[in-house]
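Before we start, here is the structure in question, set down as structure tokens.
The values are calculated or read from the model by the stated rules, or taken from the named source; none is laboratory data. What you see is a predicted model; the values in this text were computed from it and never measured. For neighbour counting, all protein chains shown are included, and Cβ atoms are generated from backbone atoms with ideal geometry for every residue, glycine included. All accessible areas refer to the heavy atoms of the entire protein, side chains included, with ligands and DNA or RNA removed. Shrake-Rupley method; radii C 1.70, N 1.55, O 1.52, S 1.80 Å.
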Amino acid sequence: MSEKLPSLVIVGRPNVGKSTLFNRLTGTRRSIVTNEPGITRDRIYGKAEWRGRNLEIVDTGGIVPDDKALIPQEILRQAHIAIRKAALLVLVVDSQVGLTPMDEELARLLRTTGKPFVIAANKVDAITQENNTAAFHRIGVPVFPIAAEHGTGVDDLLDAALVETENDVQATDDEKPPDAVEVAIIGRPNVGKSTLLNRMVGEDRSIVSPVPGTTMDTVDTEVTHDGHLYRFVDTAGIRRKGKTTLVAEKLSVVMARRGLERCDVALLIVDGEQGVTQGDAQIASYAEESGRSVIIVMNKWDLATEAARKVSERDAGTTKGKAKLAARATQRPRAGARANARISARTIAESRMQSRTQARGQLNRGANHGASGEAGAGATAGVHAFGDLDKSRLLYDYERMVRDKLKFLSYAPIVFLSAKTGDRANKLFPLIDDVAAARKKRISTPELNRWLKEEVDLQRGTTPKARPVRIYYMTQAKTAPPTFLIFTNQKTPLHFSYERFLENRLRAKWPFPGAPIRFVQRLRKREPRPGAPRNDNDDE
């Protein structure tokens, strides 16, 4: 079994070039690099290979020990977690600024950990600037002048890292690691993406705060659950281009799109208390267009059900609500129950988006329907409506409302959960397994053509006044996503409505949950008309 790589942790105060050094060591552009301080907040993991040996590289956020604000304190806590598992610490400083009191404070902090550490004096762009590093020798540890942006001096730093970590356990390649399922967590800012990641991992892997846009970089985390390996990618919240102002925020959106494109399954996180917004639909279209399998996660479901309960109790406590409750007691049970579920779901989705006056009118309508729900449950007029409401009906009706907003993701499963409390979160891992398996499912060509001949009425999907469609042959060209090659009698591409008809019939036989289906059509060659001039190039 493979052992853990020795970890090299990069620490330092904000805006000294830690992320630039991380990108240089790993040979990637994983960390966002800008002139704005405080961009990196979570721990970013990567791998470096030098002289035949592998190292784990960890980038941390800029540490400000005395800052009592929430996010700086969370950055410090994340750095402490990385430091505890480190084999070598690299304190990055700015040689052009010189030794600062904060650098000395961080050096004292690292010395108390008992871990070996070295100093990487960054921004030494020329040999004549190496004298700027003399002041850092006061700290009493090896100092390496480097230019992370150009790579100068990084080789000496890596040589020292190999010497320092030569006694640490190295990774062995005796056993091939299992293929990981790449899972991207996408959504608008502040919908609970990082909270869900921490819930799935079982530890505080990402910083969570009420401030929208806390996550900037994409955070990769590997999780093993029931013998399956998952690689979760926590992305930054995606907003419209007009809403992004900082350069780092624009880059974070680009990185989030890249994280989405390299995954197998995308978890689209939606705020269950607010409902599906236009921004959610736009992000969902990104996932669908990129060919990723999608699972719609309605987060904060505990807040949504609590809001529905309070609304129902408030309505049932008014005189007008009680009168209407008694008047509706004789209605048909099934209709009353459906109306109750429908108004409860609508109240959850729209209550935070409406003004106080509009919300009050909506609550009164909820009381009318809530009374009929009581009748469906066989309750008396004095009982609150939501107390006896079947939550499964509420889930069913809310799911219908989500389907109406995201019609182009009709194949995507929906799960309702609370990432903060963990309620219903255990349903997510089996669902990811099913969706990942469906993405790689392959149907044999004989089985496809047998289904096409015996179970599909091609004329039902033909557009009126159009040429009847005949499909001579059909085969699955590839998986991930499932792509089917069809040979038809048409000289022009099939209408999208006909492709949708084929997709619906195909999913009725083989569901492919969460996976988009693509069709590639081989058109019939146009035959030249009799008497038409012949092209001499046809014989070549």
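Relative to a virtual label point 7 Å from the Cα of Arg111 in the Cα→beta-carbon direction, which members of the range 6-29 show backbone nitrogen distances below 19 Å?
Residues 11-13 qualify, since their backbone N sits under 19 Å from the label point.
In addition: Please express the shape of the range 1-117 as an equivalent ellipsoid: the semi-axes are the square roots of 5 times the eigenvalues of the C-alpha gyration tensor, given largest first in whole angstrom.
Values: eigenvalues 100, 53, 39 Å².
Result for the range 1-117: semi-axes of 22, 16, 14 Å.
Collect residues whose amide H, placed 1.01 Å from N in the peptide plane, falls under 5 Å from the amide H of Arg53; neighbours closer than 5 in sequence don't count.
It is none; the list stays empty.
Given the Cα-Cα distance of Thr100 and Asn504 and 0.36 nm per residue of separation, how much length would full extension add, in nm? Kindly include the intermediate steps, with their values, before the conclusion.
Numbers: separation 404, 0.36 × 404 = 145.44 nm, distance 6.56 nm.
My answer for the length gained is 138.9 nm.
Quick one: if the Förster radius is 60 Å, what FRET efficiency do Asp125 and Ala323 give, using the C-beta to C-beta distance and rounding to 0.05?
So, using R0 = 60 Å, E works out to roughly 0.15.
Hey, which of these cross-link pairs are over 25 Å Cα-Cα: Lys4/Lys115; Lys193/Lys427; Lys310/Lys420; Lys300/Lys440; Lys310/Lys427?
Those over the limit are Lys300/Lys440; Lys310/Lys427.
Can you classify the range 400-488 as rounded, prolate or oblate using the Cα gyration tensor, where a ≥ b ≥ c are the square roots of its eigenvalues, rounded means a/c under 1.5, and otherwise it's prolate if a/b beats b/c and oblate if not?
On the way: a/c = 3.65, a/b = 1.85, b/c = 1.97.
Because a/c hits 1.5 or more and a/b fails to exceed b/c, the range 400-488 counts as oblate.
How far, in nm, would the chain grow between Leu523 and Lys391 when pulled straight, counting 0.36 nm per residue and subtracting the alpha carbon separation?
42.5 nm
I'd like the FRET efficiency for Lys440 and Arg467, computed as 1/(1 + (r/R0)^6) with the beta carbon distance as r and R0 of 41 Å, rounded to 0.05.
0.70
Ignoring ligands, DNA and RNA, what percent of the 1.4 Å accessible area of the range 46-139 is carbon and sulfur?
51 percent
Please arrange Val253, Val9 by accessible surface area, largest first, computed with a 1.4 Å probe and ligands excluded.
Working: Val253 25, Val9 0 Å².
From most exposed to least exposed: Val253, Val9.
When Lys and Arg each count +1 and Asp and Glu each count -1, what net charge do the other residues less than 15 Å away from Val154, Cβ to Cβ, add up to? Intermediate results must be reported in sequence, preceding the final value.
Working: positive: Lys18, Arg24, Arg51, Lys123; negative: Glu49, Asp59, Asp125, Glu130, Glu149, Asp155, Asp156, Asp159.
Value of the local net charge: -4.
Hey, can you find the accessible area per residue of the range 53-122 for me, probe 1.4 Å, expressed in square angstrom?
Each residue of the range 53-122 exposes 38 Å² on average to a 1.4 Å probe.
Name the shape class, rounded, prolate or oblate, that the alpha-carbon gyration tensor gives for the range 49-180, where a ≥ b ≥ c are the square roots of its eigenvalues, rounded holds for a/c under 1.5, and otherwise prolate holds if a/b is larger than b/c and oblate otherwise.
oblate
Right, another one. In the full protein assembly as shown, how much of Arg505 is accessible to a 1.4 Å probe, in Å² to the nearest 10?
About 90 Å², ignoring ligands and nucleic acids.
For the residue pair Glu289 and Asp67, what label-to-label distance in nm results when each label sits 7 Å from Cα along the Cα-to-beta-carbon direction?
Result: 3.5 nm between the two label points.
Which residues among the range 42-86 fall inside the zone where the amide N is under 14 Å from a point 7 Å beyond the Cα of Glu222, along Cα→Cβ?
45-48, 54-57, by backbone N distance to the label point.
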